[in-house]
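Notes follow once the structure below has been shown.
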């Protein structure tokens, strides 16, 4: 008599082949931003594509450049380069080469509606300014900008990160990856920037694009469904076939005020960063991670905030010079 198991094994093997390769597991990091305390983590140092979470770095480089250059992002105009036609994917603003908008509106589009063409436009403009600042008379402005993204990553201690472009779409022959832990570092730094902090907490925004046929108004919406929930400040969504559903989210609670032995009051600010990669339900999963993260953090504080191994338990994010 033939064993039923022997009959089922070939069928099971065929089913696995039909399903294709098994997807990488979910990865996440939950940390408290001010103390650097790592609260919960899983596969947090595994290198993965991170899709449009890349745009966090794009926005940070642009805002840091504007600050150093003394540039008002609401006044400087950026122009969609000819290469915007090569990006592909959604084009919610119907951007065409030569269209113009303020750098601020381009950042709104890139961060809220995850507009890849707007991210490329930001990179092209700032990249040209960086080429001039670095004394280069020629060169690829987007490549110069991406180089600055990678220099930022190195300065922040993002040891397992390499950015390949300013929008996060996978491109054949372009190596790009990061980790949940590295994006958490980036998110802590990003949310210290007042302009970015303000942008990513908006539910929607009306922006203006100057086109060949005149001024066009567009209302864009934040792709982050958690915006509007108590304490949620942002920051970015991302999705591609290779990366799965990704989300970086920041949540604040009121500071804790305590009486010190000398009679003075001590104030402890509280901010959680959650980075979730390759999820199948990123918003609900992030809500659970935020809930669990706060519970771990509160218990840690109540125990006196003990640290046994600082290298494993604490992530220090210092502002690069």
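The values are calculated or read from the model by the stated rules, or taken from the named source; none is laboratory data. Predicted model only: the values in this text are computed from it and were never measured. Cβ atoms come from the backbone with ideal geometry, glycine included; neighbour counts cover every protein chain shown.
Assorted remarks:
- All conditions in (1) within 22 Å of residue 115 (Cβ to Cβ); (2) at pLDDT below 95 hold for residue 141, with the sole exception of (2).
- With respect to the conditions (1) touching a helix residue (DSSP H, G or I) at 6+ places or on another chain (Cβ under 6 Å); (2) part of a loop (DSSP other than H, G, I, E, B); (3) over 26 Å from residue 177 (Cα atoms), residue 207 lacks only one, and its number is (2).
- Some residue of region 242-259 being over 30 Å from residue 175 (Cβ atoms) and out of contact with any strand residue (DSSP E or B) (no Cβ under 7 Å at 6 or more places or on another chain): yes
- Number of the exception - residue 105 against (1) part of a helix (DSSP H, G or I); (2) surrounded by 20 or more Cβ atoms within 10 Å (Cβ to Cβ); (3) touching a helix residue (DSSP H, G or I) at 6+ places or on another chain (Cβ under 6 Å): (3)
- Complete set of residues in region 178-202 that are in contact with a strand residue (DSSP E or B) (Cβ under 7 Å, 6 or more places away or on another chain), closer than 20 Å to residue 314 by Cβ and surrounded by fewer than 24 Cβ atoms within 10 Å (Cβ to Cβ): 179, 188, 191
- Residue match in region 145-168 (condition: crowded, with 23+ Cβ neighbours inside 10 Å, touching a strand residue (DSSP E or B) at 6+ places or on another chain (Cβ under 7 Å) and touching a residue at least 60 places away in the same chain (Cβ under 8 Å)): yes
- Of all residues in region 49-92, those being outside any helix (DSSP H, G or I) and surrounded by 24 or more Cβ atoms within 10 Å (Cβ to Cβ) number 3.
- Candidates are the residues of region 240-265 that are under 18 Å from residue 298 (Cα atoms) and surrounded by 12 or more Cβ atoms within 10 Å (Cβ to Cβ); the one that is farthest from the chain's Cα centre (by Cα) is 256.
- Of all residues in region 267-280 being closer than 17 Å to residue 300 by Cα and out of contact with any helix residue (DSSP H, G or I) (no Cβ under 8 Å at 6 or more places or on another chain), the one that is surrounded by the most Cβ atoms within 10 Å (Cβ to Cβ): 271
- Screening residue 135 with (1) under 19 Å from the mean Cα position of the chain (by Cα); (2) assigned to a loop (DSSP other than H, G, I, E, B); (3) more than 30 Å from residue 39 (Cα to Cα) gives one miss only, at (1).
- In region 226-252, the residues that are assigned to a loop (DSSP other than H, G, I, E, B) and within 18 Å of residue 115 (Cβ to Cβ): 227, 243
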